[in-house]
1. Pulled fully out, how much extra length does the chain show between A:Lys279 and A:Glu159, if you take 0.36 nm times their separation in residues and subtract their Cα-Cα distance?
2. Mind ordering A:27-34, A:193-200, B:183-190 by average Cβ neighbours within 10 Å, highest first?
3. Check B:Lys2: other-chain or 5+ apart residues with amide H under 5 Å from its amide H, H built from backbone geometry?
4. Can you compute the modelled spin-label distance between B:Thr202 and A:Gln288, with each label point 7 Å from Cα toward Cβ, in nm?
5. Show me, for the stretch B:50-63, the HN-Hα J-couplings you get by feeding each phi into the Karplus relation (A = 6.51, B = -1.76, C = 1.60, θ = phi - 60°), rounded to Hz, glycine and proline as x.
6. Assuming R0 = 45 Å, what is the FRET efficiency of A:Glu166 and B:Asp242, from their Cβ-Cβ distance, to the nearest 0.05?
7. For chain B, set up a Gaussian network in which alpha carbons nearer than 10 Å are linked by springs, and say which option among B:Lys198, B:Lys235, B:Lys73 fluctuates the most.
8. Have a look at the DSSP beta bridges in the stretch B:2-219 and tell me what percent are antiparallel, nearest 5.
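The values are calculated or read from the model by the stated rules, or taken from the named source; none is laboratory data. The shown structure was predicted, so the numbers you read here are calculated from the model rather than taken from an experiment. No Cβ is skipped: glycine too gets one built from the backbone with ideal geometry, and neighbour counts run over all protein chains shown. Remember, those area values only see protein heavy atoms, side chains included, never the ligands or the DNA or RNA. Shrake-Rupley method; radii C 1.70, N 1.55, O 1.52, S 1.80 Å.
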Amino acid sequence: MAEILVLVDHTEGVVRKPTLELLTLARRLGEPSAVFLGHDADSATEALGRYGAHKVYVVDAPEVDELLVTPAVDALTQIAGSTGPAAILLPSNPDGKETAARVALRLESGLITDAVDITAGEDGPVTEQSAFAATYQVTAHVTRGIPVITVKPNAAAPEPAPVTPEVEKWDVTFGPASAAAKVLSHSPRERGDRPELTEADIVVSGGRGVNGAENFAVIERVADTLGAAVGASRAAVDAGWYPHSHQVGQTGTQVSPQLYLAAGISGAIQHRAGMQTSKTIVAVNKDQDAPIFELADYGVVGDLFQVLPQLVEEIERRRS
Amino acid sequence: MKIVVCVKHVPDATADRTFTEEGSTDRESVDSLLSELDEYAVEQALRIAESGVDAEISYLTVGPDDAKDALRKALAMGGDSATHVSDEDIEGSDAFGTSLVLARAIERHGFDLVLCGMASTDGTMGVVPALLAERLGVPAVTHIEELTVEDGTVTGRREGDSATVRVQGSLPAVVSVTDRSGDARYPSFKGIMAAKKKPMETLDLADLGIDAGQVGRAGAWSAVDTATRRPPRSKGEIVTDDGTGGTGLAAFLTAKKFA
Ligand SMILES: Cc1cc2nc3c(=O)[nH]c(=O)nc-3n(C[C@H](O)[C@H](O)[C@H](O)COP(=O)(O)OP(=O)(O)OC[C@H]3O[C@@H](n4cnc5c(N)ncnc54)[C@H](O)[C@@H]3O)c2cc1C
Ligand SMILES: Cc1cc2nc3c(=O)[nH]c(=O)nc-3n(C[C@H](O)[C@H](O)[C@H](O)COP(=O)(O)OP(=O)(O)OC[C@H]3O[C@@H](n4cnc5c(N)ncnc54)[C@H](O)[C@@H]3O)c2cc1C
């Protein structure tokens, strides 16, 4: 069966959920092989095998931590050059997209970024992308070389297909460090107790209407009641009320959860670009003409400081 | 220091953007403007020049005739000159075609620093800066929030998906900056008048030694099969809070099994 390379996104050996989604999608196209860069492959191998990685190619070298993006480019290009996969899948984040583009150029192969779905077509993978702030749906395919595709989080639900992977160490020849960006320091973001934005089934977001950093406690309480991640609009982030890592939208994180609850958010096009493909959308806004209501499956025209605490109280009452 | 800022002319994101039958961005039906995210790259170039570095700032765009407007807007913010690459055969280029044209034009001009936006607001791929670095054989210091240029290096903070990374590259280099790198200035009236007198050259593929077959739809390595408008989300239930808005919402969420 055709081999599909999947670049593993991990934090110190803990495989992130989008990688499991990639492995699941890769199985529609062929037999997934994971490419793991870093020192903690042992702890990742089990998880990768559980989601169907028949092989794990391990690249463990100092360059992996010292240089930005280019070690992964060198690794994928050399592995693909030698094994001849039918496609290469990477996560759609800045590192993944930049790696994908450079690998594709070196392999003289077509690139598709930000796919939200992949199916097997007669002439290779067929992708679906969302365009123009998710108002359009585009299907595309690669016409030259080995299709290189980056996939957005939540494109598929991870499905286990356990195998015991064959682990293969790779000696990669790295390009000159002078043509690369050096990593001076690397600080992994603290993982809080709440789910990550890209991994959550439910996201509860607050905007300018939350009106202050301390008021975000209202949003957090709803999130914790629903087991959700917390998001924020750029207006709330720019005001310094919530960290940028929680920004949803064109220049923040693009999410596609089962449920997106927007409170005190007007629904500007750049915000919609990051949440419009959510399955169910709920809005709480005191302005009945707010554009967010055009997207909402359920909307409450009202003051979020009245509606949200009552929501939490009612859910807790129903549970007890 | 020679700084080249790459700026893209894009359809207004707040208008109703559409595709042509060939699956390209329809540039006829809505107004276009300088991609808002590229204003941050222009701003950083101007700040470098204002910090005392002896800098010559030039803007570069690849696009149809009216893409000149993006160059004029950038020149009105500041800077010295502009290059417009325009050729019918470029229409329908993929990321590789576009980056080839940009890279050749940058080499022709000469550069110490190439500045880009984090992504265009139409294609939104966020890959052209990395492709330019790959083609030019220089470091890619991309997705930067806080940029410093000193002693022949560029250093900056990159907010990744799961980590904050400080990165550095030696010049010459390609840098892309995010919308958190510092607010972009508005062109002043004086700036707008001055921009009209600044030199702007127009180049075509032949000037850059590129064959038509290497770019455009014919030279693309991927193809769009269909582009269809997503059906509008069906109108949901909107209720006005009469004191029971929260309980009503709880009932909805429970019925949907979210709570
Ligand atoms: C290039 C570019 C990129 C951008 N990227 C992003 C991005 O990634 N993400 C993003 O979010 N934005 C982004 N923006 C900004 C975007 O255009 C909007 O400015 C922003 O989304 C507005 O945030 P908001 O909805 O919180 O604020 P506003 O638009 O000010 O809306 C606040 C809403 O809160 C409501 N409200 C006020 N008080 C209450 C209350 N007590 N109860 C209930 N409702 C209340 C108001 O009725 C109003 O609708 C970008 C802009 C540009 C130009
Ligand atoms: C909805 C949509 C989806 C697409 N999907 C794909 C795809 O999957 N694969 C593919 O190969 N192509 C794709 N394309 C085509 C691709 O967008 C164009 O080839 C484009 O020229 C490069 O990508 P970008 O606009 O996304 O640039 P980005 O990589 O997002 O641009 C980053 C920066 O590069 C600079 N830059 C980019 N273009 C120019 C320019 N013309 N002139 C000057 N500076 C510039 C700017 O500084 C910009 O901020 C798509 C286009 C659209 C509209």
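1. Details: separation 120, 0.36 × 120 = 43.20 nm, distance 1.93 nm.
41.3 nm is the gain from fully extending A:Lys279 to A:Glu159.
2. Top to bottom by mean Cβ count within 10 Å: A:27-34, A:193-200, B:183-190.
3. Amide H neighbours of B:Lys2, under 5 Å, 5+ apart: B:Glu56, B:Asp112, B:Leu113.
4. Label-label distance for B:Thr202 and A:Gln288, simple model: 5.3 nm.
5. In residue order, the calculated couplings are 6, 7, x, 6, 6, 10, 10, 9, 10, 9, 9, 9, 10, x Hz.
6. On the way: r = 64 Å, r/R0 = 1.41.
The calculated FRET efficiency here is 0.10.
7. B:Lys235
8. On the way: 17 of 42 bridges.
In the stretch B:2-219, DSSP labels about 40 percent of beta bridges as antiparallel.
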